[in-house]
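Asker: Next up is a structure, given as structure tokens.
Every number in this text was worked out from the coordinates using simple rules, so none of it is lab data. Quick caveat: nothing in here was measured; it's all calculated off a predicted structure. Methodologically, a virtual Cβ is constructed for each residue, glycine included, from the backbone with ideal geometry; neighbour enumeration extends over all protein chains shown.
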Amino acid sequence: MTTAVLKTGDPLASQENARYALLTMSRIRKLEEAVEDLFGRGMMHGTMHLSIGQEATATGVCMALEVSDQITSTHRGHGHCVAKGADLTSMIAELLGKESGYCHGRGGSMHIADVATGNLGANGIVGGGIPIAIGAALASKMLNRGTVAVSFFGDGAMNEGAFHEAANLAAIWKLPVILVCENNGYGMSSSTDLAFAINTLAERGLGYGIPGFTVDGNDVAAVYEATRIAVARAKAGEGPTLLEFVTYRWKGHSRSDKNLYRTKEEIDEWKKKDPILFFEHLVRDKNLLSDVEIAEVHAEATAQVIHAVNEAMKGVPADPAGLLAAVFKDLDSKEVSS
Amino acid sequence: MSERMLTMSEALREAMAIAMEERPEVFILGEDIGIYGGAFGVTGDLYHRFGSERVRDTPISELGIVGAAVGAALSGMRPIVEIQFSDFTAQAMDQIVNQAAKIHFMVGGGLHVPLVLRAAAGSGTGAAAQHSQSLEGWFANVPGLKVVIPSSPYEAKGLLLSAIDDPNPVIFMEHKLLYKIPGREAVPEGAYRIPLGVSRVLREGQDLTVVATGIMVSRAMAAADQLEKEGVFLTVIDPRTISPLDMGPIYASIEKTGRLMVVQEAPEHGGFLNEVIAKVATGPALGYLLAPVVRLAGMNIPIPYAPQLEKAAVPQVEDIVSRAREVVANWR
């Protein structure tokens, strides 16, 4: 089984929750390690944006959501997708360009969406998903659905006009939306120090009348708690919240990255703040999981990913025959010539 | 049914009101569309009839507005976005081109974007280069968008109702000179739908096939009236939607007339009319052509301000008349 049903709740509230949080983070990491390996061996093409090191933000945020709550994601979106409950086999199949992939090979890594789990899609455009999340929240409000929308975006997106316009609309319409900035320190190669003249990115919320909070993005329990409060505010009709989760991406921006803009020491320093190791310490201290249980969780994640890769490999390559008919839904118009 | 002669603004408003009565998920958002009634008065009293939730005034924020509409469309709503001047779609291009147009395809069909983007297009109001463009060709070159150009109040109402029904993003380009002019034909009360992707033959004449869009349709019709008195007979075809494009009636007409003129307000270079000509050049009607195809389009310049300059920049009735007369006389 490569699908997990989203579990809502505090990662530290019970052994079951702790296990789920650790399993989710581990599944994200193992999946991305497998993806990196497949790319390295030339079995996947295109590009990839790995979120290794950032697993706690995706996991903590999604543990504060219901399946019916919606998310928009980013080019670095594998973690959000997994944490919201996506099927690993369909994800890998998509990356392998298989007909059985989430997008039937038409989208790849940057365009996976999963309607069943409320994932409105990763996005290849920095900031592109933020206004879309605002619209999802608007629909929720107009239809009295009682759901929230979460927009994941990186620090780089906060300098896009899309962030500005979306944040303002969310605020003036008091929409049930949570703006989740995963501040991993770099927009590709430009550091937040060079790209911002403010101390914390959460301060930007003030300019829109949106409360903003800066939280340790590598502490899954803290991420969960901040998101839980933001969800409660949204569902109470109090409007949007901006959450800045400070984290770090261990891998380069994409395959072309030679890490010229940062030091090995910096990367190593952040590896000591590994969100998975941090959580393991926490659950050991709180007697939620033993060493044996922790090892079992990782073994389970590994087994799921291996299974997903093997299953995905069996798929047939995406078929070009269906492409023209895939552009429009219900192509019923009469295109006489082509 | 009474013979009602409406303006295009009235016809569009009627279509939106019908759609909002039919479907609770239809709503309108845009700048100054509420109490103000729209920059060109198209939404008019809809705010008072349907309330501020469904006739939703927005800040001046085109990217945000279109993005919000995309998200709402993905989540069960059917938004109609009004963009005050089609030139401002440039502000919203990411959401139109990279998001709305591609989501259904990119994600493998699991999501779709039933969104209508209405925009006031075209020159003739003295608003100069940033408020007068005809940008339909931009959108026609993006797979995933349907592009509609109504040429009259009757067409506008029926096409807009179909656009709202459509499960895909539809760009609806309204020529602002048409807003206040009553059409040549009556607009029925109640709902009727004109399918997207069906060209209309407005009149048939043996000498020349004229394909025109938007305001150029009425100019072509006026030219045809004039030329008829001289014994030159035009067929006038309005494709109504340029994406998808229904070439069938165009081919059929060329077989009868042997001559083709394509008229658009947009600049000639890279313009949509070239696609019509390319399809003719590579299609079944080529062998019937007796004369070189006539291209009549806007000059390759930004729309200028002074009235005589503005008029010179885009085809007028007299241009259609003289070019039509010429091609029919020279190629017998």
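Asker: Can you give the extra length, in nm with one decimal, that the chain gains between A:Ala236 and A:Thr200 once fully stretched, where that is 0.36 nm per residue apart less the Cα-Cα distance?
Answerer: Going from the current span to full extension adds 10.3 nm.
Asker: Which far-off residues, 5 or more places away or on another chain, put their amide H under 5 Å from the one on A:Arg255, with H placed in the peptide plane?
Answerer: Those lying under 5 Å, H to H, from A:Arg255 are A:Met48.
Asker: A further question on this structure: Add -39500 (n - 2.57) for each DSSP H run of 4 or more in chain B, then divide by its residues: what number comes out at 222 nm, to the nearest 500 deg cm²/dmol?
Answerer: Taken over chain B, the calculation gives -10000 deg cm²/dmol.
Asker: Considering the dipole of chain B built from charges on the beta carbon (Lys and Arg +1, Asp and Glu -1) around the Cα centre, which of B:Met77, B:Ala278, B:Leu202 is farthest to its positive end?
Answerer: Sorting the options by dipole projection puts first B:Ala278.
Asker: Let me confirm the definition first: pairs of Lys residues in chain B, 8 or more apart or on different chains, C-alpha distance under 16 Å. How many are there?
Answerer: Lysine pairs meeting both conditions in chain B amount to 4.
Asker: In a Gaussian network model over chain A where Cα atoms closer than 10 Å are linked, find which of A:Leu201, A:Leu277, A:Leu289 has the largest mean-square fluctuation.
Answerer: The residue that fluctuates most here is A:Leu277.
Asker: Rounding to the nearest 20 debye, state how big the charge dipole of the protein assembly as shown is about its Cα centre with +1 on each Lys and Arg Cβ and -1 on each Asp and Glu Cβ.
Answerer: 780
Asker: Can you tell me what share of the DSSP beta bridges in chain B is antiparallel? A percent to the nearest 5 is fine.
Answerer: That works out to approximately 15 percent antiparallel.
Asker: Round to a whole angstrom and tell me the spacing of the C-alpha centers of the range A:159-197 and the range A:1-58.
Answerer: 24
Asker: Still on this structure: Calculate log10 I(q)/I(0) of the protein assembly as shown for q = 0.08, 0.09 Å⁻¹, where I(q) comes from the Debye formula with a single equal point scatterer on each Cα and nothing for solvent.
Answerer: So the normalised log intensities work out to -0.65, -0.79.
Asker: List, in order, the whole-Hz ³J(HN,Hα) value for each residue of the range A:191-200 obtained from phi through the Karplus relation with A = 6.51, B = -1.76, C = 1.60 and θ = phi - 60°; use x for Gly and Pro.
Answerer: Residue by residue, the range A:191-200 yields 6, 4, 4, 7, 9, 9, 10, 10, 7, 10 Hz.
Asker: From Cα pairs below 8 angstrom and at least 6 apart in sequence, can you work out the relative contact order of chain B, rounded to a whole percent?
Answerer: 16
Asker: Along the range A:161-175, what does the Karplus equation 6.51 cos²θ - 1.76 cosθ + 1.60 (θ = phi - 60°) give for ³J(HN,Hα), rounded to whole Hz, x for Gly and Pro?
Answerer: Running phi through 6.51 cos²θ - 1.76 cosθ + 1.60 with θ = phi - 60° gives x, 4, 4, 4, 5, 5, 4, 5, 4, 4, 6, 5, 9, 6, 7 Hz.
Asker: Can you pull the three principal axis extents for the Cα set of chain B, in Å, largest first?
Answerer: Principal extents (Cα only, largest first): 60, 43, 42 Å.
Asker: Please check which bits of the range B:19-45 a label hung off B:Glu189 would reach, taking the label as a point 7 Å along Cα-to-C-beta and the cut-off as backbone N under 12 Å.
Answerer: Label zone hits: none.
Asker: Could you work out how far the C-alpha centroid of the range A:112-140 sits from that of the range B:52-95, in angstrom?
Answerer: 15
Asker: Calculate one ³J(HN,Hα) per residue across the range B:279-286 by plugging θ = phi - 60° into the Karplus curve 6.51 cos²θ - 1.76 cosθ + 1.60, and present them in order as whole Hz with x for glycine and proline.
Answerer: Each residue of the range B:279-286 in turn: 5, 5, 5, 10, x, x, 8, 4 Hz.
Asker: What order, most packed first, do the peptides A:315-325, A:142-152 have when packing is the mean number of other Cβ atoms within 10 Å of each residue?
Answerer: A:142-152, A:315-325
Asker: Tell me, what is the percent relative contact order of chain A, built from C-alpha pairs under 8 Å that lie six or more residues apart?
Answerer: Result for chain A is 24 percent.
Asker: Report, for the protein assembly as shown, the % of DSSP beta bridges that are antiparallel, rounded to 5.
Answerer: 15
Asker: For chain B, give the magnitude of the charge dipole about the Cα centre (Cβ charges: +1 Lys/Arg, -1 Asp/Glu; no others), in debye to the nearest 20.
Answerer: The calculated dipole for chain B is roughly 500 debye.
Asker: Considering every pair of different Cα atoms, what Kirkwood radius, in Å, is found for the range A:15-313?
Answerer: Final number for the Kirkwood radius of the range A:15-313 is 19.1 Å.
Asker: Place a +1 charge on the Cβ of each Lys and Arg in the range A:15-313 and a -1 charge on the Cβ of each Asp and Glu, then give the dipole magnitude about the Cα centre in debye, rounded to the nearest 20.
Answerer: So the magnitude is around 560 debye.
Asker: Now a separate question. Based on Cα positions only, what radius of gyration and what Dmax would you give for the range A:111-212, in angstroms?
Answerer: That works out to 13.8, 42 Å for Rg and Dmax.
Asker: Mean shadow of the range B:1-130, computed from the convex hull of its alpha carbons, in nm²?
Answerer: With every direction weighted equally, the projected area is 9.4 nm².
Asker: Here is a follow-up. For A:Lys264, which lysines qualify as cross-link partners when the Cα separation must be under 29 Å and same-chain residues fewer than eight apart are set aside?
Answerer: Leaving aside lysines fewer than 8 places away in the same chain, those within reach of A:Lys264 are A:Lys30, A:Lys251, A:Lys272, A:Lys273.
Asker: For n ≥ 4 DSSP H runs only, could you compute -39500 (n - 2.57) per run for chain A, divide by its residues and tell me the 222 nm figure to the nearest 500?
Answerer: -12500 deg cm²/dmol
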